[in-house]
Amino acid sequence: MSDENGTVHHPGEIVPESGIYECNCGDSHEYSTDVKGHRFPPLPDRCTGNGWRLKTAAHPGS
């Protein structure tokens, strides 16, 4: 599941919703579990993406 508008969140930004985020490089190979209010981590060195997209919300529908 991805958020409805496909928003890309960049490393260092505040996480808006707890959940599992994947990098946006298109290979769907890098994941990060993030907590609302924390900051997004940097992308791995080998990742060609530029940010994180929500894959699975921690609390869907809330």
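The values are calculated or read from the model by the stated rules, or taken from the named source; none is laboratory data. Since we're looking at a predicted model, the values are computed, not measured. Don't worry about glycine lacking a Cβ; one is built from the backbone with ideal geometry, like all the others, and counts go over all protein chains shown. Heavy atoms of the whole protein, side chains included, go into the accessibility calculation; ligands, DNA and RNA do not. Shrake-Rupley method; radii C 1.70, N 1.55, O 1.52, S 1.80 Å.
Given (1) over 8 Å from the mean Cα position of the chain (by Cα); (2) assigned to a strand (DSSP E or B), where does Glu22 come up short, assuming only one miss?
Single failed check for Glu22: (1).
Scan segment 19-40 for residues that are among the polar types (S, T, N, Q) and either open to solvent by 70 Å² or more (accessible area, probe 1.4 Å) or at pLDDT 95 or above (or both) and jot them down.
Across segment 19-40, the qualifying residue is only Thr33.
If you check every pair at least six apart or on different chains, which have Cβ atoms under 7 Å apart with a residue in segment 39-59 that is among the aliphatic types (A, V, I, L, M) first and a residue that is in a strand (DSSP E or B) second?
Leu43/Cys23; Leu54/Gly19; Leu54/Tyr21; Ala57/Gly19; Ala58/Gly19
Can you pull out the residues in segment 41-54 that are outside any loop (DSSP other than H, G, I, E, B) and open to solvent by 70 Å² or more (accessible area, probe 1.4 Å)?
Answer for segment 41-54, where residues must be outside any loop (DSSP other than H, G, I, E, B) and open to solvent by 70 Å² or more (accessible area, probe 1.4 Å): just Arg53.
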